[in-house]
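What follows is a set of notes on a single structure, which appears directly below.
The values are calculated or read from the model by the stated rules, or taken from the named source; none is laboratory data. Values in this document were obtained by computation on a predicted structure and should not be read as measured data. Neighbour counts run over all protein chains shown; Cβ positions are idealised from the backbone, glycine included.
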């Protein structure tokens with residue numbers, strides 16, 4: 001029994017070591033993933049609400065199908081949507097604003 005536990009502890013140690021190394025090597029890509037998630041949520045929610053004019057609950061249900069987001073703030077007077085999303089504990093917010101029926105919604109620069 002001790003031999004099996006020792007072997008499992010060794011395998012777990014190397015797995016955690018390799019995972020930490022992989023996370024360190026891909027830290028820039030992980031930051032981009034958080035930015036991509038929030039931008040996707042803001043853009044799609046804005047398009048769903050203001051271009052296709054679907055109800056707010058339908059749009060939130062639609063975008064939640066892909067990955068869970070943290071928060072979506074809808075500003076109806078300015079026709080903009082701010083989405084906050086996370087990827088592996090990295091947070092990012094993006095805002096999309098409705099431009100026109102022909103142009104749809106566009107992401108705002110930070």
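When residue 68 is evaluated against the numbered criteria (1) modelled with pLDDT under 90; (2) touching a helix residue (DSSP H, G or I) at 6+ places or on another chain (Cβ under 7 Å); (3) in a loop (DSSP other than H, G, I, E, B), which criterion, by number, is the only one it fails?
Of everything listed in (1) modelled with pLDDT under 90; (2) touching a helix residue (DSSP H, G or I) at 6+ places or on another chain (Cβ under 7 Å); (3) in a loop (DSSP other than H, G, I, E, B), residue 68 misses just condition (2).
Taking segment 70-86 as the search range and keeping residues that are under 13 Å from residue 56 (Cβ atoms) and loosely packed, with under 14 Cβ neighbours inside 10 Å, which one is nearest to the chain's Cα centre (by Cα)?
My answer is 73.
Out of 22, 7, I need the residue that is in a helix (DSSP H, G or I), without any contact (Cβ under 8 Å) to a residue 40 or more places away in the chain and more than 21 Å from the chain's Cα centre (by Cα). Which one?
Only one candidate qualifies: 7.
Can residue 2 be described as more than 19 Å from residue 103 (Cβ to Cβ), more than 12 Å from the chain's Cα centre (by Cα) and surrounded by 14 or more Cβ atoms within 10 Å (Cβ to Cβ)? First the steps, then the outcome.
Details: more than 19 Å from residue 103 (Cβ to Cβ): yes; more than 12 Å from the chain's Cα centre (by Cα): yes; surrounded by 14 or more Cβ atoms within 10 Å (Cβ to Cβ): no.
For residue 2, the condition - more than 19 Å from residue 103 (Cβ to Cβ), more than 12 Å from the chain's Cα centre (by Cα) and surrounded by 14 or more Cβ atoms within 10 Å (Cβ to Cβ) - is not met.
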